[in-house]
Ligand code: ASP
């Protein structure tokens, strides 16, 4: 059997080369159509069992994975740490080994500790997909952001993308940064010094501490939520002050030299990092991100379970899937 083109696991976008990222985005492009059908299902993963193991609350990511799995005809089980044996003190690996004893094929894991998906992937033979680990990475979010930017602007290479807000606590910022740099975008971070990791310039990322400068520079703003649950101290004076200085407001965008594409990974805090008029405005692609999330996750699940092996071309992949659809 040929090696799956993405390998066994998807743990992050760091180190994933441009060809593989494009392969995922191209496959996602052809999976979009499945969600537009009246019967939203293809038999691609029929007979596969996927466990969604969530150690943190999540609405859209868990539901998005679940929709992707169901639309590919996989059998899925959701496990949330609350109310499960995890509360009784079971370790991550014991939980996973018990699941494997029930003969599963894949684990989609969200965990508050950075590195937990890698720890798991090194210890179980099932495929592991990182659905967000601590402050480390959220690769499928990064991929859906890339797809949404590509949809809006035609290509990612050469575009100026600024990620705004709480960078230091954000796994979304990290996955975006790796994916965008690999595809040849120019990347900037904008936020208060207390929420900015140090040394990012060395990775080729520009840093702005004034939102006005970021708006003047960028083609795309990806606006992040303030991650209060990951903060250990007072990083900002108050929410009102943050909005006054860094809020992405309609007035600020009106002064931009070009129309900006506005992304937000959700959940949004309206009136904290983003003005409702921007979130619901004509340049917002926030709901397209949500729609694209399902297609991207379908593509990742398909490729990890052996679809699109290195020997096949992408047309062939799309063609063979459509035949069985
Ligand atoms: N949903 C994203 C995450 O899990 C972003 C956020 O929570 O603000 O990281």
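The values are calculated or read from the model by the stated rules, or taken from the named source; none is laboratory data. What you see is a predicted model; the values in this text were computed from it and never measured. Here the Cβ positions follow ideal geometry from the backbone for every residue, glycine too, while neighbour counts run over all protein chains shown.
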Original post:
For the subset of region 226-238 comprising residues that are surrounded by fewer than 14 Cβ atoms within 10 Å (Cβ to Cβ) and part of a loop (DSSP other than H, G, I, E, B), which member is modelled with the lowest pLDDT?
Top reply: 232
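Residues checked against (1) more than 25 Å from residue 228 (Cα to Cα); (2) surrounded by fewer than 14 Cβ atoms within 10 Å (Cβ to Cβ); (3) more than 16 Å from the ligand (Cβ to nearest atom):
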site	(1), (2), (3)
258	yes, yes, yes
261	yes, no, yes
266	no, no, no
271	no, no, no
275	no, no, yes
280	no, yes, yes
286	no, no, no
289	no, no, no
Original post:
Quick check, is residue 307 outside any helix (DSSP H, G or I), in contact (Cβ under 8 Å) with a residue 24 or more places away in the chain, surrounded by 18 or more Cβ atoms within 10 Å (Cβ to Cβ) and away from the ligand (no atom under 16 Å from the Cβ)?
Top reply: yes
Original post:
In region 87-100, is there at least one residue being at pLDDT 95 or above and more than 13 Å from the ligand (Cβ to nearest atom)?
Top reply: no
**OP:** Please list, ordered by first then second residue, the pairs with beta carbon atoms under 6 Å, 6 or more apart or interchain, first in region 220-247 and farther than 16 Å from residue 172 by Cα, second within 15 Å of the ligand (Cβ to nearest atom) and part of a loop (DSSP other than H, G, I, E, B).
**Re:** 239/272; 243/272
Subject >> Residue that is farthest from the ligand (Cβ to nearest atom), among those in region 195-225 that are in a helix (DSSP H, G or I) and within 21 Å of residue 249 (Cβ to Cβ) >> reply: 216
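Per-residue answers, yes or no, for (1) within 16 Å of the ligand (Cβ to nearest atom); (2) without any contact (Cβ under 8 Å) to a residue 60 or more places away in the chain; (3) surrounded by fewer than 17 Cβ atoms within 10 Å (Cβ to Cβ):
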position: 107; (1), (2), (3): no, yes, no
position: 111; (1), (2), (3): yes, yes, no
position: 130; (1), (2), (3): yes, no, no
position: 149; (1), (2), (3): no, no, no
position: 169; (1), (2), (3): yes, no, no
position: 180; (1), (2), (3): no, yes, no
Original post:
Looking at region 182-194, which of the residues that are buried (at least 22 other Cβ atoms within 10 Å of the Cβ) and assigned to a loop (DSSP other than H, G, I, E, B) is nearest to the ligand (Cβ to nearest atom)?
Top reply: 191
Subject >> Matching entry among 79, 50, 21 (being in contact with a helix residue (DSSP H, G or I) (Cβ under 9 Å, 6 or more places away or on another chain), within 23 Å of residue 141 (Cα to Cα), at pLDDT below 95 and more than 16 Å from the ligand (Cβ to nearest atom)) >> reply: 79
Original post:
Which residues, counting only those in region 243-252, are under 26 Å from the mean Cα position of the chain (by Cα) and under 15 Å from residue 208 (Cα atoms)?
Top reply: 246, 247, 248
**OP:** State whether the residues of region 30-41 include one that is touching a helix residue (DSSP H, G or I) at 6+ places or on another chain (Cβ under 6 Å), over 13 Å from residue 68 (Cα atoms), surrounded by 13 or more Cβ atoms within 10 Å (Cβ to Cβ) and touching a residue at least 12 places away in the same chain (Cβ under 8 Å).
**Re:** yes
